[in-house]
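Please treat every number below as a calculation from the coordinates, not as lab data. These figures come from a predicted structure and were not determined experimentally. Please note: Cβ atoms are built from the backbone with ideal geometry, for glycine as well, and neighbour counts cover all protein chains shown.
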């Protein structure tokens, strides 16, 4: 431990190690934050500020049913006597305890404006009034009966409880949020009746595991309702480890309108989501045209939540529309679970469900034993007093004579009647009016009742089994007060599985369907021009760059990129940059190696087949549906062995294949000689002694082989005219026809389907 630094006197300077000084001060700060500000106690589920607020309100006699008092009075007493922090911080903590949309079981009964679910702030503390709730009464019950330890307040003028007796499972029932130094806690609220059932099972079966307790605790129960759409296995894992998260969705229904129209009405939203901010976000997405299935949103809420979503058309699928909203807004929210709490008020630790309930039950047992011992001491004192009263009653005249005649009657009484000091004091402190009540039968009746209670308490203190039976009875009483049949106790959050929807359909639903023209440059820059642009002569490119591919499609389409590494990549057209400027590099959207190039680009159709070929002349036919990639890394289709590379790709049409090599040789052979595969190296299409494949094409026998030269002129040769170049695959071919294929390329793919 670091030595304490004593300030030097008379301006002397003392050297202190920086590391040692920083460690000492930072450790003190970290411990203060963890212990006194951020993490709740596992026993009562409260942080110091909340505990002090309840303690002060109890001292002010603000019990349930009592008259309200100004919140400013409560805050002032808390700040002046127990909590040396700002009044606004204390009031904010108090406001949260009163908000029924933030607290599952509010600890403060507020009168006035304590904020709302829209995110509006509470009124100033001088305008609001407050008192305790029944839940708080349970937390405080037994505080005067030595149930817990007390400690001096920050200035030593008062005493405050270290922890509350907590006859209510507050930690899990109301949850807690906090960020400390290097750690945090996030515990959502739960249903108190379910927690009581789990605790009762834990009393009967102390070794029960968290997974077993999930038979009683279904999951979180948020004050604002909603639907948890996580799997049972995910919930079990979270409660076992104490870490996880819950995927919570808004609850919605459809309301039919006239002429087949409908609207979606949202009646419950996820916990801690501000309704006004949620609606603003939906409105922003509408303005940005990111919710094409939604026509309008409006807030018709009064005391209950009612958000109305109007679809774009009556034919819009309500489920699909809501899925698009869940994906982009806080109508679906992830609520973390991190049960990091202070064990025994001292040790930060992440606990599972069973461990948290065990901490509460052990605390309840400590409270029961301490209260029982306290009551025993009271009974023993009262029995001693009653014994003195009985002596005084039986010898009343003699007692009165001693008191009247003796200067010091106390020692005389003690000696004469063999009384204890307590008994003598009790007799001397009696009022004369009480003498008429000192009837022997009453004294003996009270004495008998107290001795019976004393015997029961002695048995209770000495029997662990009886202690747990008593605690179980108390828990059953708590469950009856907050059971599922009560308004406060009924479960509000439901559980369901998220409906299965086609991801592609959801993605498409979030994009406005508009025509675009995709342009890819020679250097691999991509952009999307608005509309179907046929004349691209006016499209500008960077210096030393030019047009390579251009094809019309729509914003909802997927774009296929075939790389020279044999991989197919998929890009959502909606994610492409607009036509202003030069676009962005393709490598921002896909993981294309620096030494790889783009072989082909086109809009995804799904119904076609491709003939892919490598530079060394190998290739095969692959269905388009098999090349669709789902990640940035793409999908390997054409297997290559260095230094080979993918050289050509064409859409399969017709019955014949034409290949041309860099050696200017052309080969035509039947398409049925090329196998159809989903992945591989393929078969030899054309044989080369040197150089390699330049291009490949397929064509119909009736139409013949067509190609486009560099000047844009179209040429066609019939199958009969190509007889000198016909053969079987893997042949070498013959020198291409005169005046044709001067650039060893067949030209563009069919319009709208390729380059």
### Message
Run the simple label-point estimate for residue 639 and residue 155 please: 7 Å along Cα→C-beta, distance reported in nm.
### Response
8.2 nm
### Task
Please report the relative contact order for region 611-708, taking Cα pairs under 8 Å with a sequence separation of at least 6, and give it as a percent rounded to a whole number.
38 percent
### Query
So what is the relative contact order of region 508-735, in percent, for Cα pairs below 8 Å that sit 6 or more residues apart?
17 percent
### Query
Taking the highest mean first, how do the peptides 587-594, 100-107 order by number of other beta carbon atoms within 10 angstrom per residue?
100-107, 587-594
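Using a 10 Å cut-off around each Cβ, can you sort 71, 157 from fewest to most neighbouring Cβ atoms?
On the way: 71 28, 157 10.
Starting with the residue having the fewest Cβ neighbours, the order is 157, 71.
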### Sites residue 575 and residue 498, calculated FRET efficiency, Cβ-Cβ separation with R0 25 Å, nearest 0.05
0.55
### Task
Using Rg/Rh (Cα atoms, Kirkwood Rh) as the read-out, say which of (i) 1.01; (ii) 0.97; (iii) 1.22 was calculated from these coordinates.
(iii)
### Query
Listed highest first by mean packing, meaning other Cβ atoms within 10 Å per residue, what order do 53-59, 394-400 come in?
53-59, 394-400
### Query
Tell me, in nm to one decimal, what length is gained between residue 306 and residue 347 on full extension, where the rule is 0.36 nm per residue of separation less the Cα-Cα distance?
10.3 nm
### Query
Which of the peptides 565-574, 162-171, 454-463 is most tightly packed, and how do the rest follow, judged by the mean count of other Cβ atoms within 10 Å per residue?
162-171, 565-574, 454-463
### Query
Counting other C-beta atoms within 10 Å, which of 120, 544, 597 has the fewest, and how do the rest follow?
544, 120, 597
#### Entry: Pairwise label distance in nanometres, residue 295 with residue 541, each label 7 Å out on the Cα-Cβ vector
4.6 nm
### Query
Modelled label-to-label distance, residue 328 and residue 113, 7 Å Cα→beta-carbon offset: nm?
3.4 nm
### Task
Please give the per residue volume of the convex hull enclosing the alpha carbon atoms of region 361-481, rounded to a whole number of Å³.
138 Å³
### Task
Determine, for 582, 381, the number of other Cβ atoms within 10 Å of each Cβ, and report the residues in order from fewest to most.
381, 582
#### Entry: Size of region 508-735 as Cα extents on the principal axes (Å, biggest first)
51, 36, 35
### Summary
Restricting to Cα pairs under 8 Å and 6 or more apart, the percent relative contact order of region 361-481 works out to 39 percent
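If you take the square roots of the eigenvalues of the alpha-carbon gyration tensor of region 117-170 and sort them as a ≥ b ≥ c, do you get rounded (a/c under 1.5), prolate (a/b over b/c) or oblate?
Numbers: a/c = 2.73, a/b = 1.54, b/c = 1.77.
Oblate.
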### Task
Determine the gain in length on full extension of the stretch residue 381-residue 145; use 0.36 nm per residue of separation and subtract their C-alpha separation, reporting nm with one decimal.
83.5 nm
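Please quote Rg/Rh for region 337-421 to two decimal places, taking the Kirkwood radius as Rh and restricting both calculations to Cα atoms. Intermediate values should be presented prior to the final figure.
On the way: Rg = 25.5 Å, Rh = 17.4 Å.
When Rh is taken as the Kirkwood radius, the ratio is 1.47.
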### Task
Quick one: give the max-minus-min coordinate of the C-alpha atoms of region 46-165 along each principal axis, largest first, in Å.
42, 27, 24
